[in-house]
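*Asks:* What follows is a single structure, and I will ask about it in a moment.
The values are calculated or read from the model by the stated rules, or taken from the named source; none is laboratory data. Given the structure is predicted, the values throughout are model-derived calculations rather than measurements. Here the Cβ positions follow ideal geometry from the backbone for every residue, glycine too, while neighbour counts run over all protein chains shown.
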Amino acid sequence: MTPKLGSCYYPEHWPEEKWKKDAEDMVASGLSWVRIGEFAWSRLEPEEGVQNFQWLDRAISVLGNAGLNIVMSTPTATPPRWVVDKWPDMLIVDIEGRPRQFGSRRHYCFSHEGYLKEALRIAEIVAKRYGANPYIKAWQLDNEYGCHDTTLSYSPSALEAFRGWIARKYKTIDQLNESWKNVFWSMEYNSFEQVQLPNLTVTDPNPIHELDFRRFSSDQVVNFNHSQVLVMRKFTKMPLIHNYMGRITDFNHYEVGEDLDVASWDSYPLGFLEDRSRQNDEFKHRFMRFGDPDFQAFHHDLYRTVGNGRWWVMEQQPGPVNWAPYNPEPAPGAVRLWTWEAIAHGAEVVSYFRWRQAPFAQEQMHAGLQRPDGEVAPGLIEASQVFSELNDFESIDQVQSKIALIFDYESCWAWEIQPQGKDFSYFELVYDYYKALRALGLSVDILPPNQNSFRGYKVVMMPGLMHIGSDLKSAIDAFDGVLISGPRTGSKTVDMFIPPELPPLVPGVKGTVASVESLRPNAFISIKDSGYFKDWMETLVDCEDVVGVCEDGRPAIIGHENNLYIAGWADQDTLKKLFSSVCNSQDISTTDLIDCVRTRETLKHRFWFNYSDQESKVGLINIPPSGVFWEPL
């Protein structure tokens, strides 16, 4: 596969006489894809019953005739004002019971049936008109599901739909009461109509009530996407795509991806570092012009799995963004670095947001490949450099890693509902394992929790996994490599109970979690001959095999050479030491990298990335500042 480059373009934002030159300039710069239309509903249908597609017909013709492949979008992320006036109760409602008003985007509730009909209607109109257009080579459905905290809605529509969801799941109210154990605090119901949404309670709602609401809310996103897919498939055979976001975990991306042909995500390394990272200020200051060296790669590997091997970056940051607490300029070379790292992880297309910086509205401070006056911005120079360098490659193909890491959305919801400690985060726990593996120079595959086989892998890790299902248990039983789990792995039933047989319920691990504790910031439990536990610690008893011990005498790691359970949230040095030992036992070579250097192995090449403004050296390899180096395997 030879990767391609693209950009996001908004013909409705610019005079029509600019379109032809913009298209020609895109092609001349090395871009071959362009995404359009995801926010154009008000121009396509300015009022009910009035449609205006002629301008879009002309834009598609101009872009296509210039040689660009077009990603056409359904415009359902931005329903216009007249749709809200028609369906005033379609607005999403926040956890405090306040409607999220019209005036920006993503203001619809996934559970509102009237809005769903409107969304499918406009999707069908657009698909029918352009489904066979030869210039349109892919379709994006909606835009950034869940962005701006818009998955969970506490609206009347959500309440009605949730009651239907629990009635279908539990059949009778007695079964719901039993499954939720509503005998606790006299929470028992006499009918499904009595059940409310789990917000505005005096104190914590029942955790299984809340978890079922999270499951329901995820299903609503899956259904919304699936409904659009059914419409689109009537009119087009082109690939269907959605653009996910970084660290959005409110819905199950694997299930949304089952209906689509390609996964994509919107990569904003500097914005995410400032807005979504738990790193300390020193780290953020050091990497403020590069981004976290592992955050983008984690999502590349995640969405490669969500897309079943096919994935894009639909929006790549080309300069300063407008939405983070602080918005620095990328270091010279950083845009090229991010692009090459995405390609090394298997991106078929890297598309920059956006072609030209808008001089108006909410995103006017968000950089593009061109400045607002049409002059070239630094990101475009670096994108063109990547295009030139790609000519040296016949293809860049992926290879299965020897290391797999399981990431589970439901576990994320469970530990958000019942963290037991303010600082406990499932995402961060899994991410810490991923960072430690990357710091050892390893490539990692991320897998879903319903994996039924680990064929081809030598090491599999599943920290914090709430519940081990039957498929995963079968895969574990048949696995002849090394399994690393904990903490909190197998610690709940699917109904969010502590199992009758106390955890960890990991096949092959002999021990019992007698108690758990969450630790205050800067409170650590030292591990003999190693580092320490932070944030979370479990007291294990009745252990058959103790591999590591804490200074206070409690087991730190139990199991045997092929099955290890870590009893706490270990620091990076401890994880790296353990993972290095395990990899060596499996004939997997490791390289201890400094924190600004990372690597990725493809079928025929190894790529090296330097997230710093200083030259870095690995063995005989010198990687320039903000640099990328590749070597044949």
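*Asks:* From the set of residues in region 458-496 that are among the basic types (Lys, Arg) and more than 20 Å from Ala514 (Cα to Cα), which is surrounded by the most Cβ atoms within 10 Å (Cβ to Cβ)?
*Replies:* Applying the first criterion (among the basic types (Lys, Arg)) to region 458-496 yields 458, 473, 488, 492.
From the residues that got through so far, the ones that are more than 20 Å from Ala514 (Cα to Cα) too are 458, 473.
Details: Lys458: 19, Lys473: 15.
Within region 458-496, the match that is surrounded by the most Cβ atoms within 10 Å (Cβ to Cβ) is Lys458.
*Asks:* Can you confirm whether region 440-451 contains a residue that is assigned to a helix (DSSP H, G or I) and either surrounded by fewer than 22 Cβ atoms within 10 Å (Cβ to Cβ) or under 17 Å from the mean Cα position of the chain (by Cα) (or both)?
*Replies:* We begin by selecting, within region 440-451, every residue assigned to a helix (DSSP H, G or I); these are none.
Within region 440-451, none of the residues are assigned to a helix (DSSP H, G or I) and either surrounded by fewer than 22 Cβ atoms within 10 Å (Cβ to Cβ) or under 17 Å from the mean Cα position of the chain (by Cα) (or both).
This table checks each residue for (1) out of contact with any Gly (no Cβ under 9 Å at 6 or more places or on another chain); (2) polar (S, T, N, Q); (3) part of a helix (DSSP H, G or I); (4) at pLDDT 95 or above.
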residue: Ala347; (1), (2), (3), (4): yes, no, no, yes
residue: Asp373; (1), (2), (3), (4): yes, no, no, yes
residue: Leu380; (1), (2), (3), (4): no, no, yes, yes
residue: Glu394; (1), (2), (3), (4): yes, no, no, no
residue: Leu437; (1), (2), (3), (4): yes, no, yes, yes
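*Asks:* Can I ask one more? Can you find even one residue in region 418-431 that is crowded, with 19+ Cβ neighbours inside 10 Å, at pLDDT 95 or above and over 18 Å from Ala567 (Cα atoms)?
*Replies:* No, region 418-431 has no match at all.
*Asks:* Out of Glu96, Glu124, which single residue is of a type in the set (D, E, K, R) and in contact with a Leu (Cβ under 8 Å, 6 or more places away or on another chain)?
*Replies:* Exactly one residue qualifies, and that residue is Glu96.
*Asks:* Restricting attention to region 497-508, and to residues there that are surrounded by fewer than 20 Cβ atoms within 10 Å (Cβ to Cβ) and in contact (Cβ under 8 Å) with a residue 24 or more places away in the chain, which single residue is farthest from Val541 (Cα to Cα)?
*Replies:* First, pick out the residues of region 497-508 that are surrounded by fewer than 20 Cβ atoms within 10 Å (Cβ to Cβ): 497-502, 505, 507-508.
Keeping just the survivors that are in contact (Cβ under 8 Å) with a residue 24 or more places away in the chain gives 497, 505, 507-508.
Numbers: Phe497: 20, Leu505: 14, Pro507: 17, Gly508: 16 Å.
Of everything passing the filter in region 497-508, Phe497 is farthest from Val541 (Cα to Cα).
*Asks:* What is the number of the single condition among (1) closer than 24 Å to His242 by Cβ; (2) touching a strand residue (DSSP E or B) at 6+ places or on another chain (Cβ under 8 Å); (3) not acidic (Asp, Glu) that Gln362 does not meet?
*Replies:* Every condition holds for Gln362 apart from (2).
*Asks:* Show the residue pairs that are 6+ apart or on different chains and have beta-carbon atoms under 9 Å apart, the first residue being within region 279-308 and outside the structural domain of Phe407 (by TED's automatic domain parsing), the second being acidic (Asp, Glu) and assigned to a helix (DSSP H, G or I).
*Replies:* Within 9 Å, the pairs are Lys284/Glu274; Met288/Glu274; Gln296/Glu341; Ala297/Glu341; His300/Glu341.
Here is a yes/no grid of residues against (1) under 30 Å from Pro134 (Cα atoms); (2) within 25 Å of the chain's Cα centre (by Cα):
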position	(1), (2)
Asn190	no, no
Phe213	no, yes
Gln228	yes, yes
Thr236	yes, no
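*Asks:* I want to confirm something. Restricting to region 71-121 and keeping residues that are of a type in the set (Phe, Trp, Tyr) and under 29 Å from Ser351 (Cα atoms), which single residue is surrounded by the fewest Cβ atoms within 10 Å (Cβ to Cβ)? Before the answer, list the steps.
*Replies:* Narrowing region 71-121 to residues of a type in the set (Phe, Trp, Tyr): 82, 87, 102, 108, 110, 115.
In the following step, the residues that additionally are under 29 Å from Ser351 (Cα atoms) were identified as 102, 108, 110.
Numbers: Phe102: 18, Tyr108: 30, Phe110: 28.
By that ranking, first place goes to Phe102.
*Asks:* Could you run through region 21-63 and say how many residues are under 32 Å from the mean Cα position of the chain (by Cα), under 26 Å from Arg105 (Cα atoms) and among the polar types (S, T, N, Q)?
*Replies:* Residues flagged as under 32 Å from the mean Cα position of the chain (by Cα), under 26 Å from Arg105 (Cα atoms) and among the polar types (S, T, N, Q) within region 21-63 amount to 1.
*Asks:* Also, I was wondering about something else. Could you list, in sequence order, all residues of region 64-80 that are assigned to a helix (DSSP H, G or I) and farther than 25 Å from Val229 by Cα? Quick ask: steps written out before the conclusion?
*Replies:* Filtering region 64-80 down to residues assigned to a helix (DSSP H, G or I) leaves 64-65.
Scanning region 64-80 gives a single hit, Asn65.
*Asks:* As an exercise: evaluate Glu160 against (1) part of a loop (DSSP other than H, G, I, E, B); (2) of a type outside the set (S, T, N, Q); (3) in contact (Cβ under 8 Å) with a residue 24 or more places away in the chain and give the number of the one condition it does not meet.
*Replies:* (1)
*Asks:* Would you mind finding the one in Trp312, Trp265 that is closer than 30 Å to Pro198 by Cβ, surrounded by 24 or more Cβ atoms within 10 Å (Cβ to Cβ) and hydrophobic (A, V, I, L, M, F, W, C)? Let's see the steps before the verdict.
*Replies:* Values: Trp312 fails: closer than 30 Å to Pro198 by Cβ.
Result of the check over Trp312, Trp265: Trp265.
*Asks:* Applying the selection to region 93-129, what residues are farther than 19 Å from Ala158 by Cα, assigned to a loop (DSSP other than H, G, I, E, B) and over 25 Å from the mean Cα position of the chain (by Cα)?
*Replies:* Gly103 - this is the single residue of region 93-129 that is farther than 19 Å from Ala158 by Cα, assigned to a loop (DSSP other than H, G, I, E, B) and over 25 Å from the mean Cα position of the chain (by Cα).
*Asks:* Still on this structure, please answer the following. For region 165-172, does any single residue satisfy the condition of being closer than 19 Å to Asp219 by Cα, among the aromatic types (Phe, Trp, Tyr) and either in contact with a strand residue (DSSP E or B) (Cβ under 7 Å, 6 or more places away or on another chain) or buried (at least 16 other Cβ atoms within 10 Å of the Cβ) (or both)?
*Replies:* First, the residues of region 165-172 that are closer than 19 Å to Asp219 by Cα: 165-171.
Now restrict to residues that are among the aromatic types (Phe, Trp, Tyr): 165, 170.
Of the ones still in play, those that are also either in contact with a strand residue (DSSP E or B) (Cβ under 7 Å, 6 or more places away or on another chain) or buried (at least 16 other Cβ atoms within 10 Å of the Cβ) (or both) are 165, 170.
Looking for residues that are closer than 19 Å to Asp219 by Cα, among the aromatic types (Phe, Trp, Tyr) and either in contact with a strand residue (DSSP E or B) (Cβ under 7 Å, 6 or more places away or on another chain) or buried (at least 16 other Cβ atoms within 10 Å of the Cβ) (or both), one finds at least one in region 165-172, hence yes.
*Asks:* Go over the candidates Glu12, Glu17, Glu45 one by one and state the one that is buried (at least 17 other Cβ atoms within 10 Å of the Cβ) and assigned by TED's automatic domain parsing to the domain that holds Val386. Steps first, answer last, please.
*Replies:* Numbers: Glu12 fails: buried (at least 17 other Cβ atoms within 10 Å of the Cβ); Glu17 fails: buried (at least 17 other Cβ atoms within 10 Å of the Cβ).
Only one candidate passes the filter, namely Glu45.
*Asks:* Within the bounds of region 399-407, is there any residue that is surrounded by fewer than 16 Cβ atoms within 10 Å (Cβ to Cβ), at pLDDT 95 or above, under 24 Å from Arg304 (Cβ atoms) and in contact with a Ser or Thr (Cβ under 7 Å, 6 or more places away or on another chain)?
*Replies:* The initial filter retains those residues of region 399-407 that are surrounded by fewer than 16 Cβ atoms within 10 Å (Cβ to Cβ), namely 399-400.
Restricting the remaining residues to those that are at pLDDT 95 or above gives 399-400.
Restricting the remaining residues to those that are under 24 Å from Arg304 (Cβ atoms) gives 399-400.
Restricting the remaining residues to those that are in contact with a Ser or Thr (Cβ under 7 Å, 6 or more places away or on another chain) gives 399.
Among the residues of region 399-407, at least one is surrounded by fewer than 16 Cβ atoms within 10 Å (Cβ to Cβ), at pLDDT 95 or above, under 24 Å from Arg304 (Cβ atoms) and in contact with a Ser or Thr (Cβ under 7 Å, 6 or more places away or on another chain), which makes the answer yes.
*Asks:* While we're looking at this one, here's another question. Pick from Ile484, Ile525, Ile558, Ile566: which is closer than 24 Å to Asp423 by Cα, over 30 Å from the mean Cα position of the chain (by Cα), of a type in the set (Val, Ile, Thr) and assigned by TED's automatic domain parsing to the domain that holds Gln451? Before the answer, list the steps.
*Replies:* On the way: Ile484 fails: over 30 Å from the mean Cα position of the chain (by Cα); Ile558 fails: closer than 24 Å to Asp423 by Cα; Ile566 fails: over 30 Å from the mean Cα position of the chain (by Cα).
Sole residue among the options that is closer than 24 Å to Asp423 by Cα, over 30 Å from the mean Cα position of the chain (by Cα), of a type in the set (Val, Ile, Thr) and assigned by TED's automatic domain parsing to the domain that holds Gln451: Ile525.
*Asks:* Search region 237-252 for residues being surrounded by 19 or more Cβ atoms within 10 Å (Cβ to Cβ) and touching a strand residue (DSSP E or B) at 6+ places or on another chain (Cβ under 6 Å), and hand back the single one that is farthest from Arg336 (Cα to Cα).
*Replies:* Filtering first and then ranking leaves Met238.
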